[in-house]
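J.: Quick one: the structure is below, and I'll ask about it shortly.
The values are calculated or read from the model by the stated rules, or taken from the named source; none is laboratory data. Computed from a prediction, not measured in an experiment: that's the story for all the values here. Here the Cβ positions follow ideal geometry from the backbone for every residue, glycine too, while neighbour counts run over all protein chains shown.
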Amino acid sequence: MSPLTISVAAATGEISRTDWEQLAPSGHPFVNRDFLEILERHGMAGPECGWKAHHLIARNSDGMALGFLPLYVRTNSHGDFIHDWSWAAAYQQLGKPYYPKLLSGLPHTPATGPRLLVRPGIDAERIRHTLVEAALEQVAGHRLSSWHVAFPAEDEVPVLSGHGLLVSHNVQFHWRNHGCADFTDFLGTFNAERRRKVRAERRRVVDSGLHIEVRHGDEISPDEWPALHCLYAATFDKYGNYAAFTPECFADLASALGRRMVMFIARERGDPVAISICFRSDDTLYGRYWGTAANYHSLHFELCFYQGIDYCLRERLSTFEPGAGGEHKVARGFEPTVVRCCHWIEDARMRHLLDQHLDRQRPAILAYAEEAASHLPFRKVSGP
C-alpha cells in the first residue's frame, strides 16, 4: 500500500486540470476547478472577503494526486451558509477566539455535493480518511477554533461523523422531477386552488408585456455583463446584502462554464430589467442570484422558480435547488429537504456544549420539515 503525503495549495490553480478531472465529478458547476479558481482570482474567495485558500492534496509516492479537499481559512462567516454566527458570539462571551476557522465548502454557494474528492478505484476510503485526518491536524497545528464541512454529499457524512465531527441539520426546498412531461403536466399534480394561483402569477407576467429569454453563459458577451450585474448588485444593496460578485467575475464564469451557467432574463422594450442567474450539472439546476430594476408583480416567482422548472423539464434534469431558505417555495412545489453540515470543534468543552445544542435542535428541524411538507400543493391521491 503506497504511503500518502499531504501538501497544502494556496490556490485552486496549483492543482493541474488533468488531476482535477480525475478527482472531481464530471460536469459539476461548483465542484469545479474553473469556478473556484475564478472566485479566488477575482477576490470573491480571497483574503479581502475573509477567505484564504488552504486546500489539501493527497499524493502517492509517484506524485499522483489521489485526493483533494477544498479548504479555506475564514476570518468571518459571510458566504458560507453554515449559520454559526451564534457560535461565534458564544465564543466571544467566553473570551475565546472563534476566528480564524477552517471551512470545506463552496464560496457563496449553499449547494450540496462532494467535498472529499478522491480518484475513483484507488483505495478511495483510505484516502478519504487521510484527508479528514489531515484537516484535523491543520486545525490543531494552526491553533484554529474549528473545521466546518458545508453541505457534504450524503455518503460523506458518516465518514466525517466517524472522526468526531458534529452534524447539524437545516432545511432547504428542492424541486424534484417526478416524471412530468412539461409544466402543464406538472401543474396538473397541484390541487385546484394552488393551480389557479400559479396560473394567475404566470399570466400577470405575460400580460405585463415583458419578454423572457433563456441564455447560457457562452451565449452572453462580456459587454452585456455590466448591465446585468447592475440588476444583481442593486437588489443585493436594497436588502442590505453584500454583492460579492463583479461583472468581470460573472463574465469569466460565463466564458469558462458555458452551458453550465443558465440565465433567465426579463426585458422591457429590449432592455434587461430582471435576471435570475443559475448553474447546472448533468442532473441538477442550482438557482443562485436574482436582481431586478423595479417591482414587477410575480416576476420573481416566474424567473426564479417557474422558468427553472420549465428548464428542468425540457432538459430532463432531476432536481432544482433554488438556494437557501424561503418557505414560499413550498406552495410552488419545492419539497422540504433536510441538508447537513459537519463541524469539528477543537475546544473539548465547546464541542460538548455544541453537541448538546445540536441534539436538542435536531428533532425540531426534522419536525419543521415534516410540517412544511404538509403544505405542499399536490393533490391528495385517494387509496384503493
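J.: Restricted to region 338-362, and to residues that are within 24 Å of the chain's Cα centre (by Cα) and surrounded by fewer than 18 Cβ atoms within 10 Å (Cβ to Cβ), which residue is nearest to Ser298 (Cα to Cα)?
T.: In this case the residue turns out to be Val338.
J.: Further, regarding this structure: Kindly evaluate Phe320 against the criterion of being aromatic (Phe, Trp, Tyr), within 25 Å of Gly179 (Cα to Cα) and within 19 Å of the chain's Cα centre (by Cα).
T.: So Phe320 passes the test.
J.: From the list Arg332, Arg267, Arg314, which residue is at pLDDT 95 or above, surrounded by fewer than 16 Cβ atoms within 10 Å (Cβ to Cβ) and out of contact with any strand residue (DSSP E or B) (no Cβ under 7 Å at 6 or more places or on another chain)?
T.: On inspection, the qualifying residue turns out to be Arg314.
J.: State which residue is farthest from Glu133 (Cα to Cα) when the search covers only region 66-89 and only residues that are more than 17 Å from the chain's Cα centre (by Cα), surrounded by fewer than 21 Cβ atoms within 10 Å (Cβ to Cβ) and touching a residue at least 24 places away in the same chain (Cβ under 8 Å).
T.: It comes out as Asn76.
J.: Determine whether Arg332 is in contact with a helix residue (DSSP H, G or I) (Cβ under 8 Å, 6 or more places away or on another chain), among the charged types (D, E, K, R) and over 21 Å from Arg202 (Cα atoms).
T.: Here the answer is no, as Arg332 does not meet what is asked.
J.: Out of all the residues in region 149-166, which are over 21 Å from the mean Cα position of the chain (by Cα) and part of a loop (DSSP other than H, G, I, E, B)?
T.: His163, Gly164, listed by residue number.
J.: Which members of region 8-27 meet the condition of being outside any helix (DSSP H, G or I) and either surrounded by 13 or more Cβ atoms within 10 Å (Cβ to Cβ) or among the aromatic types (Phe, Trp, Tyr) (or both)?
T.: Scanning region 8-27 gives Val8, Ala9, Ala11, Ile15, Ala24, Pro25, Gly27.
J.: When you look at His343, is it at pLDDT below 95 and either aromatic (Phe, Trp, Tyr) or over 20 Å from Met263 (Cβ atoms) (or both), yes or no?
T.: So His343 fails the test.
J.: Continuing with this model, one more query. Kindly establish whether Glu201 is outside the structural domain of Leu106 (by TED's automatic domain parsing), within 16 Å of Gln307 (Cβ to Cβ), in contact with a Ser or Thr (Cβ under 6 Å, 6 or more places away or on another chain) and of a type in the set (Asp, Glu). Talk me through it step by step, then tell me what you get.
T.: On the way: outside the structural domain of Leu106 (by TED's automatic domain parsing): yes; within 16 Å of Gln307 (Cβ to Cβ): yes; in contact with a Ser or Thr (Cβ under 6 Å, 6 or more places away or on another chain): yes; of a type in the set (Asp, Glu): yes.
It is true that Glu201 is outside the structural domain of Leu106 (by TED's automatic domain parsing), within 16 Å of Gln307 (Cβ to Cβ), in contact with a Ser or Thr (Cβ under 6 Å, 6 or more places away or on another chain) and of a type in the set (Asp, Glu).
J.: I'm trying to understand the selection: among the residues of region 320-342, which are among the aliphatic types (A, V, I, L, M) and not in a helix (DSSP H, G or I)?
T.: Ala324, Val338, Val339
J.: For the condition farther than 30 Å from His163 by Cα, of a type in the set (A, V, I, L, M, F, W, C) and in a loop (DSSP other than H, G, I, E, B), what is the one hit in Leu313, Leu303, Leu317?
T.: Values: Leu313 fails: in a loop (DSSP other than H, G, I, E, B); Leu303 fails: in a loop (DSSP other than H, G, I, E, B).
Checking each option against the conditions leaves just Leu317.
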